[in-house]
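What follows is a single structure, written as structure tokens, with notes after it.
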Amino acid sequence: MDNESKKPNHLKQYVAAFIASLGGFATGTMLGWSAPVESRLLAQEEVALTSSQFAWAVSFLNLGGALMSIPVGLAVKPFGARNTLLLFTIPALIGWILIIWFQNVGMLLTGRLFIGFGAASFSMTVPIYIGEIASKEIRGTVGSFFQQMVNLGILYAFSLGMALSVFQLSMLCGMVLIVYGVLFFFMPNTPTHLVLQNNEPEAMATIKWLRGSHVDAMGEIGDIYSEQLLMHSVDADSECRGSVWNSLRKPASIRALIITQGLMFFMMSCGINPILFYATSIFQAANVAIEPEVATIILGGMQILGTLFASLVLDRVGRRVLLLASGVVMFASVLTLGIYLMLLARDPDQVAALGWLPILALSLYVTLFSVGFGPIPFMMLGEIFATNVKGPASALANINSNIFSFTVSQLFPLAREAIGSGLTFVIFAVFCFLAVVFVFIFVPETKGMSLNEIQVMLTRSRGFIVGRINK
């Protein structure tokens, strides 16, 4: 059999990754639900809401994500990524039920908290599932599906929210979870989980189903065992807490933690959530040349196009290059916007002809964010950790992501009022610059590498600087 005939088929891997990524679509509906319903909920008479109560309802999504990160992380190893995703679909669905038929503020807050449980599970576990089912040749492409689905879910909520009532929008957002649960129920467990459960026959059958009956399934199972032997995680003691803690203290895991925690920090501190959450008011303050609402829609469309572009080039260009390009353009874009807003505050006449500039700057910003710092941090969660620490490590990353998101989003309106919009965006530019420096020093290239090869690379690295290590 020639080499071409031995190559794995990718169609079923694409299908499984797409269906798994519908969890990202569900997460997007959770994130996008609040924007179109805010004015209606504050104006309704049935359940009177204050703006402060609504703000808490919005932030309870992040609170739910932070609270459930550790339980989700602990569930991944014994139950596997597939079963963990199915399990946490249940509280998310209960959350939507509470939101759909809420009769008081407590029901709304509890509903948002519960859908936050689901958002935590999806954002942590979908990248793990995809990383463990995908061949190394397409892992970057399918790994970008999650962020694309999040963006599409946000657009879904925004678009339907313009035409539907709060009840109808909430119903259709909840229906997404039902469709997701039904479809994903028929997807297989990952080969890695099956091997760790000493179920080699099913692991072999799953590999052949995902890649084709002609592939060397035993060779892939051998690679999985090699990873476990490398990290000393196949013995019976690996089930105890001490073993996981010891594994997290290994040099490879410490380097992986530095990489992922740093990427999560810069993903949020660069300002993406405030820019998306406050896009319309930002455009209003910037005196843009078109209607601010139209500019906001353009921004959403550019975000989707950016993630689509990332899915096409991730396995050709590589993670590190895209992160560097993303950070550089984000830095230039948000710095340009900051300077423009400072000039506008000083003398509007000197920038009167530049009403197009804020739209261009933020369009470039969200596009390149969606190419690099949007999808890659979550994708790398599924790539660079040994199997026995993926769950706890993802929990730490998700907790920090929610904390960073909550903090930056809460501070943004206060900073705008205290120091002005222009200087606030200049501060975001500083964080974008620091993000580029961080990637250049610490983040390695993992394009085309198997999960086992990545662990070997991290294990053999000297010190914490792994960014320049080649395959």
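The values are calculated or read from the model by the stated rules, or taken from the named source; none is laboratory data. What you see is a predicted model; the values in this text were computed from it and never measured. Positions of Cβ are generated from backbone atoms using ideal geometry, with glycine treated the same way; all protein chains shown enter the neighbour counts.
Within segment 410-421, restricting attention to residues that are within 21 Å of Phe369 (Cα to Cα) and crowded, with 20+ Cβ neighbours inside 10 Å, which residue is modelled with the highest pLDDT? It comes out as Ser421. Does any residue of segment 93-100 turn out to be of a type outside the set (Gly, Ala, Ser) and either within 20 Å of Asn189 (Cβ to Cβ) or crowded, with 24+ Cβ neighbours inside 10 Å (or both)? Looking through segment 93-100, at least one residue is of a type outside the set (Gly, Ala, Ser) and either within 20 Å of Asn189 (Cβ to Cβ) or crowded, with 24+ Cβ neighbours inside 10 Å (or both).
Condition (residue is part of a loop (DSSP other than H, G, I, E, B) and touching a residue at least 40 places away in the same chain (Cβ under 8 Å)) applied to segment 308-320: is it met by at least one residue?
Here is the first cut: in segment 308-320, the ones part of a loop (DSSP other than H, G, I, E, B) are 318.
When the remaining residues are screened for being touching a residue at least 40 places away in the same chain (Cβ under 8 Å), the result is 318.
Among the residues of segment 308-320, at least one is part of a loop (DSSP other than H, G, I, E, B) and touching a residue at least 40 places away in the same chain (Cβ under 8 Å), which makes the answer yes.
Of all residues in segment 200-220, none are at pLDDT below 60 and within 27 Å of the chain's Cα centre (by Cα). Residue count for segment 307-354 satisfying the condition of being closer than 26 Å to Val150 by Cβ, buried (at least 22 other Cβ atoms within 10 Å of the Cβ) and among the aliphatic types (A, V, I, L, M): 7.
Thr192 fulfils the conditions (1) in the same structural domain as Gly73 (by TED's automatic domain parsing); (2) among the hydroxyl-bearing types (Ser, Thr, Tyr); (3) at pLDDT below 90 except for a single criterion, (1). Asn246 falls short on exactly one of the conditions (1) in a helix (DSSP H, G or I); (2) at pLDDT 80 or above, and that condition is (2).
Taking segment 118-158 as the search range and keeping residues that are over 25 Å from Gly64 (Cβ atoms) and not charged (D, E, K, R), which one is modelled with the lowest pLDDT?
Gly140
For Thr141, the test of being surrounded by 24 or more Cβ atoms within 10 Å (Cβ to Cβ), over 23 Å from Tyr278 (Cβ atoms) and within 17 Å of the chain's Cα centre (by Cα) is failed. Restricting segment 257-296 to residues that are part of a helix (DSSP H, G or I) and free of Cβ contacts under 8 Å to residues at least 40 places away in the same chain leaves a set whose member that is nearest to Phe369 (Cα to Cα) is Thr296. Among the residues that make up segment 189-203, is at least one of them buried (at least 21 other Cβ atoms within 10 Å of the Cβ) and within 19 Å of Gly24 (Cβ to Cβ)? Within segment 189-203 (the criterion being buried (at least 21 other Cβ atoms within 10 Å of the Cβ) and within 19 Å of Gly24 (Cβ to Cβ)), the answer is yes, since at least one residue qualifies. Within segment 95-140, being assigned to a helix (DSSP H, G or I) and of a type in the set (Lys, Arg) holds for Arg112, Arg139.
Give me the residue from segment 42-57 that is outside any loop (DSSP other than H, G, I, E, B) and surrounded by fewer than 18 Cβ atoms within 10 Å (Cβ to Cβ) and, out of that set, farthest from the chain's Cα centre (by Cα). So that I can check it myself, show each step before the final result.
The first filter runs over segment 42-57 and keeps only residues outside any loop (DSSP other than H, G, I, E, B), leaving 42-43, 51-57.
Then drop every residue that is not surrounded by fewer than 18 Cβ atoms within 10 Å (Cβ to Cβ), which leaves 42-43, 51-53, 55-56.
Details: Leu42: 30, Ala43: 33, Ser51: 28, Ser52: 27, Gln53: 27, Ala55: 22, Trp56: 22 Å.
Filtering first and then ranking leaves Ala43.
If you take the residues of segment 355-402 that are in contact with a Pro (Cβ under 7 Å, 6 or more places away or on another chain) and over 15 Å from Phe265 (Cβ atoms), which of them is surrounded by the most Cβ atoms within 10 Å (Cβ to Cβ)? Among them, the one singled out is Met379. One residue stands out in segment 159-175 among those that are buried (at least 23 other Cβ atoms within 10 Å of the Cβ) and among the hydrophobic types (A, V, I, L, M, F, W, C): the one that is nearest to the chain's Cα centre (by Cα), namely Cys173. Per the conditions (1) touching a Phe, Trp or Tyr at 6+ places or on another chain (Cβ under 8 Å); (2) under 19 Å from Trp33 (Cβ atoms), the sole criterion not satisfied by Leu87 is (2).
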